[in-house]
Each structure stands twice: as C-alpha cells, then as structure tokens.
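Worksheet for the structure shown next.
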Amino acid sequence: MKVCEIFTSIQGESTHAGRPCTFVRMSGCNLRCSYCDTKYSYDEGTDLSIECVYARVDKAAIRLVEITGGEPLLQKDEVAGLTVRLLDSGYTVLMETNGTLPIGEIDSRVIMIMDVKTPASGMSLNNNFTNFQHLKRSDEVKFVICNKNDYIWARSIVLEEGLPNRCEVLFAPAFGYLEPRKLVEWIIADRLPVRLNLQLHKYIFGPDKRMV
C-alpha cells in the first residue's frame, strides 16, 4: 500500500478528540476540496506492506489508530487487510473517508468517520448518500462548514436523512473560513442535534504544521 505518513499525536477531531492516537495517512485522493489541508498526500508516499505498517503502529504503543488520507478507500483491499490486522490485535480503529466510495464492505468493528462534502468544498456533487444506509451507531458523519449557505445545506441533509438517529453528527467550521462562534450561534438557534467539531491540533500546533 502507498502510505504518506505515520505519526502519533493528539486526536484533533471526532468524538475521540483529545485522545492520544496514531495516524496512518494513506496517499492519493479522488477529490480536490477547496479547503483541503493535506494536499501533499495527493502524491507523496512510500510503498509499505501491511506488516510494516502494523509494526510501526505497534511500536507507538497507542491503542487508538486512525486510518486517513487522502482517501484510504482508494486502496480498499490493502486498507481492509490492515484494519483487520489491527482490530484482531485489540486496537480501536477509526477510518476517515470522504464518503464517495462504498463503505459497506469495511469490517463492522471499524468506526467510520464519513465526510459529507458541502457546496463550498466544490465537491458536493460527488457525495454518495447511499453510504448512509451502511452507517452504524458507532460511526460518525462530518460536515465541514465554510459559510451560512453550507450550514443551511448541511442542516437540510441532517434532518431529511434523520442522521442523528443513525450516528453521531459533527459540524466543523472550516479553519480560516468560518469563525466557530458563528457556527455555534446557528446550531443553538436551530436547536440542531449535532456536535461542534473543532480541529484541536490546529489550535495547539498551528494550522500549517504536519504530522500533528
């Protein structure tokens, strides 16, 4: 599999925010979101075996692992093999995906964090809403919100699809695009049953530092 980087830090997003976590960032992505903060993962990477990746994760001695990208499901077979290896060894495995590729074949023990691309991302026409059918209670859906139009659009999807009844729903203000306070005001005004999701690592380490 082609891996961009492996590192250990504090989980900055999701309901696991604040926990120590080892990240496996896969190379390659099929989208080009306007706010992407990991463009280097489009092309950078090294070919590694499942056992090599597992050994590096195991050496870090952190029981929470996130497989991210890029888009990990572009290497579905290899990533599926890695997740099974980790899960069978007792790791808690998160996988962040842009939601455009099918998630139904991934081991049900994996906690999927599925992004839904909002209009300001420039990629909203690529969303695969059939993936909602495969969400488990332990999974999470994330909307990155850039402006009020994104919020209104995302609110509509959340309510029409009944997402809070399926899994945890995260609304994340796009760093540098939308002040968190504004998003909080909209959520509270609408009594929307979602969770604010800040990118803690950017506040801790700065917005441009890699491998954090």
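Please treat every number below as a calculation from the coordinates, not as lab data. On a predicted model such as this, the values are computed, not experimentally measured, just so you know. FYI the Cβ positions are ideal-geometry reconstructions off the backbone, even for glycines, and counts take in every protein chain you see.
Structure notes:
- Along the stretch 12-22 the Karplus relation, 6.51 cos²θ - 1.76 cosθ + 1.60 evaluated at θ = phi - 60°, assigns HN-Hα couplings of x, 9, 6, 6, 9, 3, x, 8, x, 8, 9 Hz to successive residues, with x for each Gly and Pro.
- Each residue of the stretch 123-139 was assigned a 3J(HN,Hα) from its phi angle through the Karplus curve 6.51 cos²θ - 1.76 cosθ + 1.60 (θ = phi - 60°); the sequence is 10, 5, 6, 8, 4, 10, 6, 5, 5, 4, 5, 9, 6, 9, 4, 7, 7 Hz, with glycine and proline shown as x.
- For THR118, nonlocal amide neighbours, meaning residues 5 or more places apart or on other chains whose placed amide H falls under 5 Å from its own, are VAL144.
- Peptides 95-101, 206-212 ranked from most to least packed give 95-101, 206-212, packing being the mean of other C-beta atoms within 10 angstrom over each peptide's residues.
- Karplus-based coupling profile of the stretch 168-177, in residue order and whole Hz: 6, 10, 10, 10, 10, x, 4, 4, x, 10, with θ = phi - 60° in 6.51 cos²θ - 1.76 cosθ + 1.60 and x standing for Gly or Pro.
- Of the trypsin sites (Lys or Arg not before Pro) found in the stretch 1-43, those that fall in a DSSP loop while having at most 14 other beta-carbon atoms within 10 Å are ARG32.
- Amide hydrogen proximity for MET26: with H placed 1.01 Å from N in the peptide plane, the residues at 5 or more positions away or on another chain lying under 5 Å are CYS4, THR68, GLY69.
- Convex hull of the stretch 2-205 built on C-alpha atoms - directionally averaged projected area, nm²: 10.5 nm²
- For the chain, the relative contact order works out to 19 percent when only alpha carbon pairs closer than 8 Å and six or more residues apart are counted.
- The magnitude of the dipole of the chain, with charges of +1 and -1 set on the Cβ of Lys/Arg and Asp/Glu and taken from the Cα centre, is near 500 debye.
- The charge dipole of the stretch 92-204, taken about its Cα centre with unit charges on the Cβ atoms of Lys, Arg (+1), Asp and Glu (-1) only, comes to about 260 debye.
- Between ASN197 and PHE171, ALA172, the built amide H atoms are under 5 Å apart, and every one of these is 5 or more places off in sequence or on another chain.
- For the stretch 144-212, the relative contact order is 32 percent, taking Cα pairs closer than 8 Å that sit 6 or more residues apart in sequence and dividing their mean separation by the residue count.
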